[in-house]
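Student: Let me begin by handing over the structure; questions about it come next.
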Amino acid sequence: MEIRNHDFKLKLKEGAVKEYEKVVLSSGFCDLFMPMAFVSCEEGELVSYHCSGYTALRQCRISDAKEALDILETIFQMVHKSTEYLITPSKITLDMNTIFYNKDTRQVKIAYVPVERQELSLRENMVGFITQMENNVQDGSYRYLEAVKNKIEENNYYISDMVNLIGEMKRSMQASP
């Protein structure tokens, strides 16, 4: 997989995205993911993402822990909802390059990239993403993300439990001075 930062295109191996996934992802009906276009080429497929109005999270500075937890909660809800579109949550790459954010509207979208390492569990994928987010929180309050990450590592949560955990963390932030 090669992500080309300037034009939001990447090359995938042939068969990395199943045919029914291509239909869902290219139709634009699934608002969780960036609409995609697929073009076959000799080495596999060239995928183009329609990201107008969104910026890769790696290029965004997250102002505080509340914003980071809001983004994280939204992403986990989206991953959970992806099953409604027959997209397997454990196949979604979660990292600062595949999550897109519109700072004005605070909307989040995922650029669907299939996980390259099949042995990577959804939990490991989520924990790795939280670690990346910790480095992008400006006000140094990454300890909230660290607490979420530790809970996820220590427990065998369902995705809905992870969403609830983040909600509890946000409420505890509001309650503490």
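Please treat every number below as a calculation from the coordinates, not as lab data. This is a predicted model, so every value here is computed, not measured. All Cβ positions, even for glycine, are placed from backbone atoms using ideal geometry, and neighbour counts span all protein chains on display.
Student: Quick one: in region 49-73, which of the residues that are surrounded by 18 or more Cβ atoms within 10 Å (Cβ to Cβ) and among the acidic types (D, E) is farthest from L32 (Cα to Cα)?
Tutor: Within region 49-73, the subset surrounded by 18 or more Cβ atoms within 10 Å (Cβ to Cβ) is 49, 54, 56-57, 60, 62, 65, 67-69, 71-73.
Filter again for among the acidic types (D, E), leaving 67, 73.
Working: E67: 19, E73: 13 Å.
Within region 49-73, the match that is farthest from L32 (Cα to Cα) is E67.
Student: Could you run through region 135-169 and say how many residues are touching a Lys or Arg at 6+ places or on another chain (Cβ under 8 Å), closer than 13 Å to A65 by Cα and either free of Cβ contacts under 8 Å to residues at least 24 places away in the same chain or crowded, with 17+ Cβ neighbours inside 10 Å (or both)?
Tutor: Matching residues across region 135-169 total 1.
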